[in-house]
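Participant: Here it is, the structure in full.
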Ligand code: NAP
């Protein structure tokens, strides 16, 4: 990649940011496209978010990704927020326009991309989502976009579950969503054609943990799609065990790549080289 006087800036803001895989993935894509851009890690402490964004506008940064802890905090500083990002309640991609910063959420597209090849009649299907944190919101929005018949969210904290359910009542996304305490999971599994783990259970270094007990795993819908948002390790214990029960496994690395590809397409106005992005992350 040649950086010259005309090179335009992209990046990712977070705090800390040093472990982000996005710079490697985006710069590989930029090099493949021969685009005159560079993508930088931008560590921004929470108390300096507003100043940082003003500075990015001043130097004409063309766009940036947003990660922990800024995905909600950035919203008041944007000129416009897409309906989807508003429904999710988080922004992960920001673009500079003549009207100012526009925020959207490509995590939803990232989640959906690996599901699109399955031509299922989603309206008759049930999805069970484990966890009700930040990434569960993108998963719920994705399931709503797919038109999943029943979206069932399982969580361990009744108060958080109720707040989660209430937050979707005013949304522009039509959906049939119910929330359930963890004890109800065994009864939900036999009907769940899609089972998504959005909890960190099983993530490195706790790689031998699994969100489902051996008894629960045996209750999986035959041919279910088991989707784990975790990408270290690949595959997780959950995906290995679900596959052993006949499930189709999808891991979190494809979501990571596809949310990045969707962001790059927004900034560059051309399709992103997804295969190169995957390879840059070693798969
Ligand atoms: P988060 O906002 O902290 O949410 C985590 C959720 O998991 C919360 O609902 C939490 O419950 C629940 N949880 C945590 N430990 C649990 C346990 N032992 N038993 C039951 N529930 C538990 O985190 P997040 O941002 O959604 O991220 C979650 C995972 O997704 C992480 O592994 C992250 O790496 C992965 N992720 C992947 C991608 C991708 O592109 N592949 C994108 C985003 C996130 P409480 O609310 O009760 O604490």
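Participant: Between residue 208 and residue 265, 0.36 nm times their residue separation minus their Cα-Cα distance comes to what?
Facilitator: 16.9 nm
Participant: Let me ask you something else. Using the Kirkwood formula on the Cα atoms of the chain, what hydrodynamic radius do you get, in angstrom to one decimal?
Facilitator: 19.6 Å
Participant: Now for a separate question. Tell me what the chain gives for mean residue ellipticity at 222 nm when only DSSP H runs of n ≥ 4 count, each as -39,500 (n - 2.57), the sum divided by the residue total, rounded to 500 deg cm²/dmol.
Facilitator: So the calculated ellipticity at 222 nm is -9500 deg cm²/dmol.
Participant: For a quick check: sort 6, 199, 178 by the number of other beta carbons within 10 angstrom, fewest at the front.
Facilitator: So the residues, fewest neighbours to most, are 6, 178, 199.
Participant: Which residue fluctuates most in the GNM of the chain (Cα springs below 10 Å): 81, 250, 59?
Facilitator: It is 59.
Participant: Cut-off 10 angstrom, C-alpha nodes, Gaussian network model of the chain. Which of 246, 269, 100 fluctuates the most?
Facilitator: Of the options given, 269 has the highest mean-square fluctuation.
Participant: Can you give me the relative contact order of the stretch 148-283 as a percent, contacts being Cα pairs under 8 Å and 6 or more apart?
Facilitator: 17 percent
Participant: Between residue 160 and residue 2, what is the label-to-label distance in nm when each label sits 7 Å out along the Cα-to-Cβ direction?
Facilitator: Taking the simple label geometry, residue 160 and residue 2 are separated by 5.1 nm.
Participant: Further question: Report, for the stretch 54-186, the % of DSSP beta bridges that are antiparallel, rounded to 5.
Facilitator: So the antiparallel bridges in the stretch 54-186 amount to around 40 percent.
Participant: Based on the Cβ-Cβ distance of residue 32 and residue 183, what FRET efficiency does E = 1/(1 + (r/R0)^6) give at R0 = 41 Å, to the nearest 0.05?
Facilitator: 0.25
Participant: With no solvent and one equal point scatterer per Cα, compute the Debye intensity ratio I(q)/I(0) for the stretch 10-84 at 0.11, 0.24 Å⁻¹ and report its log10, rounded to two decimals.
Facilitator: Log10 of I(q)/I(0), two decimals: -0.29, -1.17.
Participant: Please work out the Cα center distance from the stretch 1-46 to the stretch 114-192, rounded to the nearest Å.
Facilitator: Taking the Cα centre of each part, the stretch 1-46 and the stretch 114-192 sit 33 Å apart.
Participant: Please find, in a Gaussian network model of the chain (springs between Cα atoms separated by less than 10 Å), the residue of 113, 57, 29 whose mean-square fluctuation is greatest.
Facilitator: Among 113, 57, 29, the largest GNM mean-square fluctuation belongs to 57.
Participant: What does the extension gain come out to for residue 283 and residue 59, with contour length at 0.36 nm per residue minus their alpha carbon separation?
Facilitator: Contour length minus Cα-Cα distance gives 77.1 nm.
Participant: Let me check against my output: what whole-number percent is the relative contact order of the stretch 28-115, with C-alpha pairs under 8 Å and at least 6 apart?
Facilitator: The value is 22 percent.
Participant: What distance in nm lies between label points placed 7 Å from Cα along the C-beta direction at residue 243 and residue 215?
Facilitator: 2.7 nm
Participant: Compute the angle between helix 49-58 and the longest alpha-carbon principal axis of the chain, please, reported from 0 to 90 degrees and rounded to the nearest 10.
Facilitator: 50 degrees
Participant: Relative contact order (percent) for the stretch 204-274, with alpha-carbon contacts under 8 angstrom and 6 or more residues of separation?
Facilitator: 28 percent
Participant: Moving on to the next point. Computed on alpha carbon atoms, what radius of gyration and Dmax characterise the stretch 76-172, expressed in Å?
Facilitator: Taking only Cα atoms of the stretch 76-172, I get Rg and Dmax of 14.6, 45 Å.
Participant: Ranked highest first by average number of other Cβ atoms within 10 Å, how do 251-262, 15-26 line up?
Facilitator: Order by mean packing, descending: 251-262, 15-26.
Read the figures in this text as sums done on the coordinates, not as results from a lab. No experiment lies behind these values; they were computed from the predicted model shown. Because the Cβ atoms are built from the backbone with ideal geometry, glycine has one as well, and the counts that use them run over all protein chains shown.
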